[in-house]
Amino acid sequence: MTLPDGFFRRPAVARIDNYLTGDTDNYEADRYLASLLIHEAPWLPDMVAINRRHGSSAVTVLARDLGIRQYLDLGCGLPTPWNKRLQRSNPTSTYEAAAGAGTRADIRVVYVDNDPMVHAHARMMLDVCSSTAAVLADIRQIGELLNDPAVQALANRSTAVLLHEVLPWVSDELAEKAMAALRAWLPDGSAISLTHATTDMAPDAMRALVDHYANAGITYRPRTREQIRELLAPWAVLPPGIVPTSQWRAGSSRSLPSGENPGAYAAIAAPPRNSP
């Protein structure tokens, strides 16, 4: 794998998240920017941890309640740590969560990220699981992404697209374009699971985060609940609606950090029943 010049001297979102969750696949540039972010938003590590744990919970619901067996995990990020005692990732990976809700034989997961380091990690998973594929692609070039052969292989039956903390990193225009393309491409019976950073809960801190990311050359675009609703439209948002990530199906059996500010909303959307 050939990395761009200066790759490790520039902060990367996946590696910053990795640092914020206490893992070790990160570098000085990532840790420096993370320290600035935490100074403005001390709850940021909780926000990242909540989002990661929500991902496996959402996949469990998609598999168990909606019967979806195929997953397009966009912006999959670096893998979560392996837990020797549990003999699985913790939190569970997309594949592990889906397989845990049904028969492993018919699970298919395509992991997508635009970070070559993340892509390399995802490819390593292919050695231990033939039901996964890894694609190096960018949601900002959604047409190319959807035309990848591994992604096209999902077009034969219902698929869940996972957009967990992906759209905040793209402009309004590109976010709208990506959502429209995904809705048009997805087969019947599909769904979109989304989490999205918001300015509703801590607006001053979020504005400071936006500025720090911008100084590092990274676009960060938290949105309001109404803006997130517009991105999901015209698909119907399933119960419990667009809610703070830590409150999404909060009665389910899962362990979340105790931080009061999850910093983001979560929702699952599906085509309206009367849509063609």
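So what J values fall out for the range 45-56 if you push phi through Karplus, 6.51 cos²θ - 1.76 cosθ + 1.60 with θ = phi - 60°, rounded to Hz, Gly and Pro as x?
x, 5, 4, 5, 5, 4, 5, 5, 5, 4, x, 5
To check you understand DSSP bridge types, tell me what percent of the beta bridges within the chain (both residues inside) are antiparallel, rounded to 5.
40 percent
What list of ³J(HN,Hα) values in whole Hz, one per residue of the range 57-68 in order, does the Karplus curve 6.51 cos²θ - 1.76 cosθ + 1.60 (θ = phi - 60°) give from phi, with Gly and Pro shown as x?
Going residue by residue, I get 5, 5, 5, 4, 5, 4, 6, 6, 8, 9, x, 7 Hz, with x marking Gly and Pro.
With θ set to phi - 60° and the Karplus curve 6.51 cos²θ - 1.76 cosθ + 1.60, what are the ³J(HN,Hα) couplings of the range 182-192 in order, to the nearest whole Hz, using x for Gly and Pro?
Along the range 182-192, the couplings run 5, 4, 5, 7, 5, x, 4, x, 8, 7, 10 Hz.
Accessible area of the range 98-253 with a 1.4 Å probe: how many percent of it is carbon plus sulfur?
The nonpolar share, carbon plus sulfur, comes to 50 percent.
Would you pull out the residues with amide H under 5 Å of Ala264's amide H, same chain only if 5 or more places away, H placed 1.01 Å from N?
Result for Ala264 returns Thr198, Thr245.
Could you report the accessible area of His121 in Å², rounded to 10, computed with a 1.4 Å probe on the protein chains as they sit in the structure?
40 Å²
When ligands, DNA and RNA are left out and all protein chains stay put, how many square angstrom of accessible area per residue does the range 132-201 have with a 1.4 Å probe?
38 Å²
Can you give the Rg to Rh ratio for the chain, taking only C-alpha atoms and Rh from Kirkwood?
Dividing the radius of gyration by the Kirkwood radius yields 0.93.
The values are calculated or read from the model by the stated rules, or taken from the named source; none is laboratory data. None of the values given here were measured: they were computed from a predicted structure. Only protein heavy atoms, including side chains, enter the accessible area calculation; ligands, DNA and RNA are left aside. Shrake-Rupley method; radii C 1.70, N 1.55, O 1.52, S 1.80 Å.
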